[in-house]
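A.B. asks: Pasting a structure here, questions to come.
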Amino acid sequence: MTDLNGTVAELMARGKGILAADESIATMSARLEGAGVAATAQNRCAYREMLVTTPGLSQGVSGVILSDETFRQRLAAGPTFPEALASAGILTGIKVDTGAKPLAGQPGEKVTEGLDGLRERLSEYASLGARFAKWRAVIVIADGCPSRQALRANAHALCRYAALCHEAGIVPIVEPEVLMDGQHSMDLCAKASIAAQLATFAELQEFGIQLDAVVLKPNMVVPGKDSAEVAGPEEVAKATLETLCMAVPEEVGGIAFLSGGQPPAKATANLAAIRCLPAPWPVTFSFGRALVDPALAAWRGVPAKVTAGQRALGQQVAANSAALTGGFSLPADAMLMALDDPDPDPDHARSR
Ligand code: 13P
């Protein structure tokens, strides 16, 4: 059995965060096509190989989350992805949910599936080198949503997943993500985030889950993507930490934020501001798009551009690592607005 607390400590090591490279086949294919790259298994593999072989990645990345497809693929030089990550001193994570499906009886809401056969899958992943896992619940803000039913159904699934992870010696990343989609205010995002986290921890505590061996992956508290409200990093940081402090027990092993479709520069500035406030847990990033979007745009499937893609990823990792250690200075808000670029894949949040 692996040491769960040791894994949490490695994931939350100072100045390091998690790279979420676990998009489903459908989402990854759409993103490749969006960048003009044919959506083949080989190209998905080449893209992920470009990411994980970035020189010096382990300086700012403690773990990489893979999808099942990538977990079983091999790099051009022969090793599997978990083997390559282990030799680079990076922990392998695995996304084990099978996606968010419509929740019967609750129109517009979803419940994440994947519990069937999960014990056997986790045991296989552990034997092949996985040290941590991810399960993502999606919570929608709309009229009457999130409903209590959706919150409870998702919290229950997250809890059963976490218990099975611990049984397999794997650290669960528990992700109740309140989506940015919509015109809602930042205040509504805060309320939905508190509700989602309270429901999740009520369930985890009811089942006696060892909380110091759990990493929570929350959204930051921000206005909806289509809202006219503007919130600067200090405001986001304050609202986000107030929310977490209301709902998340102090024993939780760590907090690793998702980027949720925020432009990369904003996600980094918000992370830097969050890190400036006192918190009872270690805090880091577990970003997908905010780390990889610039790399995909630089690479575009061209073998000669691998170095350019890796440089772009390296810059994002360095900026977020600096955000965690105090080396990142907040650009003025006006500058952040200029850095905004719309999410190139608006459906990503729903379909990941
Ligand atoms: P984003 O940072 O792109 O939101 O992805 C993180 C993630 O893993 C969502 O499950």
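A.B. asks: Need the failing condition index for D226 against (1) part of a loop (DSSP other than H, G, I, E, B); (2) surrounded by 18 or more Cβ atoms within 10 Å (Cβ to Cβ), just the number.
C.D. replies: (2)
A.B. asks: Anything in region 39-56 that is under 21 Å from K134 (Cα atoms), more than 17 Å from the chain's Cα centre (by Cα) and hydrophobic (A, V, I, L, M, F, W, C)? List them, or say none.
C.D. replies: If the condition is that a residue be under 21 Å from K134 (Cα atoms), more than 17 Å from the chain's Cα centre (by Cα) and hydrophobic (A, V, I, L, M, F, W, C), then C45 is the only one that fits.
A.B. asks: Now, a different point. Among helices (runs of 4 or more DSSP H) lying entirely in region 39-144, which contain 3 or more residues that are more than 16 Å from the ligand (Cβ to nearest atom)?
C.D. replies: Passing ranges, in order: 41-52, 81-87, 118-127.
A.B. asks: Which pairs turn up if I take residues in region 213-235 that are over 15 Å from I141 (Cβ atoms) and look for partners that are at pLDDT below 95 with beta carbon separation below 7 Å, at least 6 apart in sequence or on another chain?
C.D. replies: G232/D333; P233/L330
A.B. asks: For P79, indicate whether it is within 24 Å of A162 (Cβ to Cβ) and free of Cβ contacts under 8 Å to residues at least 12 places away in the same chain.
C.D. replies: Answer is no for this residue.
A.B. asks: Suppose the filter is modelled with pLDDT of 95 or more, within 24 Å of A297 (Cα to Cα), crowded, with 18+ Cβ neighbours inside 10 Å and of a type in the set (D, E, K, R); does R74 pass it?
C.D. replies: No: the conditions fail for R74.
A.B. asks: Is it the case that A265 is more than 16 Å from the ligand (Cβ to nearest atom) and either under 18 Å from A157 (Cα atoms) or surrounded by fewer than 23 Cβ atoms within 10 Å (Cβ to Cβ) (or both)?
C.D. replies: no
A.B. asks: Just the residues that are closer than 14 Å to V236 by Cα and more than 16 Å from the ligand (Cβ to nearest atom), please, taken from region 273-303.
C.D. replies: Selection gives A273, R275, C276, L277.
A.B. asks: For residues in region 1-38 being part of a helix (DSSP H, G or I) and among the acidic types (D, E), which is nearest to the chain's Cα centre (by Cα)?
C.D. replies: Here the residue is E10.
A.B. asks: Checking E250 against (1) at pLDDT 95 or above; (2) within 26 Å of T53 (Cβ to Cβ), only one condition comes out false. Which one?
C.D. replies: Checking E250 against (1) at pLDDT 95 or above; (2) within 26 Å of T53 (Cβ to Cβ), the one that fails is (2).
A.B. asks: Step by step: first the residues of region 237-260, then only those that are crowded, with 23+ Cβ neighbours inside 10 Å and within 16 Å of the ligand (Cβ to nearest atom), then the one that is farthest from A21 (Cα to Cα). Which residue is that?
C.D. replies: Going through the qualifying residues, I end up with T240.
A.B. asks: Please work out which one of (1) farther than 16 Å from A323 by Cβ; (2) out of contact with any Cys (no Cβ under 7 Å at 6 or more places or on another chain); (3) assigned to a loop (DSSP other than H, G, I, E, B) is the condition I209 fails and give its number.
C.D. replies: It is condition (2) that I209 fails.
A.B. asks: While we're on this one: When L158 is evaluated against the numbered criteria (1) within 20 Å of the chain's Cα centre (by Cα); (2) more than 20 Å from F201 (Cα to Cα), which criterion, by number, is the only one it fails?
C.D. replies: (2)
The values are calculated or read from the model by the stated rules, or taken from the named source; none is laboratory data. As the structure is a computational prediction, the values presented were derived from the model and not from experiment. All Cβ positions, glycine included, derive from the backbone under ideal geometry; neighbour counts span all protein chains shown.
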